[in-house]
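Below: the structure, in structure tokens.
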Amino acid sequence: MAPCRWALWGFIALAGAPASAQERPQKAIGYSDTPMLPGTRWHVHDGQRPQPRVVEPGAFRAAVPPSDAVVLFDGRDLSAWRSESGAPSGWVLADGAMIVPARGVPGGGDAFTRQEFGDFQLHLEWATPETPVGDGQERGNSGVYLMGLYELQVLDSYQNPTYPDGQAGAIYGQFPPLVNASRKPGEWQSYDVTFTAPRFADGKVVSPAYLTAFQNGVLIQDHVALLGATGHRVVGTYKPHPAQGPLRLQDHGNPVRYRNVWIRPLRSDDRS
Ligand code: MG
């Protein structure tokens, strides 16, 4: 879980400022004392990095799982999910959604799938709280960790500036989304992702993870080669791990909802 100490500083810096959220000075929303991201002129979580342009997505369309999909959540039960310890997930089941428990409510912590996956196509839908609470990284923060390690950020990024590599659709700490295709808080949003797991040999990465993602039908990540596992204030690095890992949904203390989660593991013979 990424600490959010900066948000407090940002809040302090902005307290009493009459400017709207979109007019806030960029300096207040990120870091400049973090390492440089390779191949860029930006620091990790750089608040000076340009904000992705806003694109209004088209109407929401429900995505029915294809015949070979592994349905991980259909709104009825949490049997496909566990807590980090392996115990049943304590997330809240309500109105066809699985929800991060409120702070202080038992059953929190990240939710992990019991089944593990390598290369896959993923669909899921998520919604941040209808009434926004907090600013920046404190507003509707969650995340989808591919293989349990590589975070595709979930955040309320509707008129909620934060450092671009930490907004909705970012590969957290590495790649901002190409555009901001966020819906309003409380509205259901979709992610469709293709993911290729990294390959390791002799203790080293020989092929990075690749990710392509759509948010609400809009391309936000285009075959990006990930730098490594997600971290906060660091450049992600790879450590060898098994060929498969769980899907992991982040508990960042905000009651974010998920539904219609399904995955299509790619088979080796699909590429023959
Ligand atoms: Mg997150």
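The values are calculated or read from the model by the stated rules, or taken from the named source; none is laboratory data. Predicted model only: the values in this text are computed from it and were never measured. Cβ: placed from backbone, ideal geometry, glycine included. Neighbour counts: every protein chain shown. Surface accessibility is based on the protein's heavy atoms, side chains included, excluding ligands, DNA and RNA. Shrake-Rupley method; radii C 1.70, N 1.55, O 1.52, S 1.80 Å.
What pairs come up if the first residue lies in the stretch 163-187 and is more than 22 Å from G148 (Cβ to Cβ) and touching a residue at least 40 places away in the same chain (Cβ under 8 Å), the second is surrounded by fewer than 20 Cβ atoms within 10 Å (Cβ to Cβ) and of a type in the set (D, E, K, R), and their beta carbons are under 6 Å apart, counting only those six or more places apart or on different chains? Every condition considered, the pairs that remain are P164/R49; V179/R53; P185/E130; G186/E130.
So, T237, is that one touching a residue at least 24 places away in the same chain (Cβ under 8 Å) and either surrounded by 19 or more Cβ atoms within 10 Å (Cβ to Cβ) or at negative phi (or both) or not? Working first, answer last.
Working: touching a residue at least 24 places away in the same chain (Cβ under 8 Å): no; either surrounded by 19 or more Cβ atoms within 10 Å (Cβ to Cβ) or at negative phi (or both): yes.
Taking the combined requirement at face value, the residue does not satisfy it.
Could you list, in sequence order, the residues of the stretch 160-190 that are within 13 Å of the ligand (Cβ to nearest atom) and of a type in the set (F, W, Y)? Hits for the stretch 160-190 are Y163, Y172. Here P132 meets each of (1) buried (at least 21 other Cβ atoms within 10 Å of the Cβ); (2) under 24 Å from Q51 (Cβ atoms) with one exception, condition (1).
Within the stretch 135-147, restricting attention to residues that are part of a strand (DSSP E or B) and open to solvent by less than 10 Å² (accessible area, probe 1.4 Å), which residue is farthest from the ligand (Cβ to nearest atom)? Ranking the candidates gives L146 first.
Hey, can you tell me all the residues within the stretch 245-272 that are among the charged types (D, E, K, R) and within 16 Å of the ligand (Cβ to nearest atom)? Break it down stepwise before answering.
The initial filter retains those residues of the stretch 245-272 that are among the charged types (D, E, K, R), namely 248, 251, 257, 259, 264, 267, 269-271.
The answer is R248, D251, R257.
Can V224 be described as within 15 Å of the ligand (Cβ to nearest atom), among the β-branched types (V, I, T) and under 24 Å from P35 (Cα atoms)? No: the conditions fail for V224.
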